[in-house]
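> The structure is given below, and queries will be raised subsequently.
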Amino acid sequence: QVQLVESGGGLVQPGGSLRLSCVRSGFTFSRYVASWYRQAPGKERELAAAITDADGITNYADSVKGRFTISRDNAKNTVYLQMNSLKPDDTAVYYCNYRRGATEYWGRGTQVTVSS
């Protein structure tokens, strides 16, 4: 059974930083894409950042470029999202996603709130 468990969310002031982690288990395939999505209240879920398993190629939403960094540690079965210079607009539930072809898995999400 595949499980994705996110952690690291919380309340942070504008300009602050957080690092999200997503630990996977029950995963048996390679050549996947690991992503962080986010969903703010009243808005659709959107892609924040993605990274390929094989070669570590990354992709970012324009709104987070230069502030967020996605990385992976395959030995620890973990993908990270380092978030710096956080803004109130970054407030959302952040979800971990793994996808290979038509197969994908989601975590339950972790809340990030940016507020003074």
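The values are calculated or read from the model by the stated rules, or taken from the named source; none is laboratory data. Note that the coordinates shown come from a computational prediction; the quantities given were computed from them, not determined experimentally. Using ideal geometry, Cβ is built from the backbone for each residue, glycine included, and neighbour counts are taken over all protein chains shown. To get the accessible areas, we keep the full protein, side chains included, count just its heavy atoms, and leave off ligands, DNA and RNA. Shrake-Rupley method; radii C 1.70, N 1.55, O 1.52, S 1.80 Å.
Here is a yes/no grid of residues against (1) free of Cβ contacts under 8 Å to residues at least 40 places away in the same chain; (2) under 23 Å from GLN13 (Cβ atoms); (3) in contact with a helix residue (DSSP H, G or I) (Cβ under 6 Å, 6 or more places away or on another chain):
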position	(1), (2), (3)
ASP62	yes, no, no
ASN77	no, no, no
ASN84	no, yes, no
GLY107	no, no, no
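> If you don't mind, there's one more thing I want to ask. Out of everything in the range 50-77 that is of a type in the set (Lys, Arg) and not in a strand (DSSP E or B), what residue ends up being farthest from TRP36 (Cα to Cα)?
LYS76
> Here's another thing I want to ask about it. Applying the selection to the range 72-116, what residues are charged (D, E, K, R) and farther than 18 Å from GLY56 by Cα?
LYS87, ASP89, ASP90, GLU104, ARG108
> Output the number of the condition that GLN13 fails; it satisfies all remaining conditions of (1) more than 17 Å from the chain's Cα centre (by Cα); (2) modelled with pLDDT of 95 or more; (3) under 26 Å from ASP55 (Cα atoms).
(3) is the only condition that GLN13 fails.
> Would the range 103-112 turn up any residue that is in a loop (DSSP other than H, G, I, E, B), at positive phi and either in contact with a Phe, Trp or Tyr (Cβ under 6 Å, 6 or more places away or on another chain) or among the aromatic types (Phe, Trp, Tyr) (or both)?
Yes, the range 103-112 contains a residue that is in a loop (DSSP other than H, G, I, E, B), at positive phi and either in contact with a Phe, Trp or Tyr (Cβ under 6 Å, 6 or more places away or on another chain) or among the aromatic types (Phe, Trp, Tyr) (or both).
> Shifting gears a bit: Testing GLY10 on (1) touching a strand residue (DSSP E or B) at 6+ places or on another chain (Cβ under 6 Å); (2) open to solvent by 20 Å² or more (accessible area, probe 1.4 Å), one condition comes back false. Which one is that?
The failed condition is (1).
> Has the range 44-59 got at least one residue that is among the aliphatic types (A, V, I, L, M), out of contact with any His (no Cβ under 7 Å at 6 or more places or on another chain) and open to solvent by 70 Å² or more (accessible area, probe 1.4 Å)?
yes
> Inside the range 1-49, counting only strands (runs of 3 or more DSSP E) that do not spill past its ends, which hold 2 or more residues that are without any contact (Cβ under 8 Å) to a residue 60 or more places away in the chain?
Because the criterion is at least 2 residues that are without any contact (Cβ under 8 Å) to a residue 60 or more places away in the chain, the strands (runs of 3 or more DSSP E) in the range 1-49 that meet it are 18-25.
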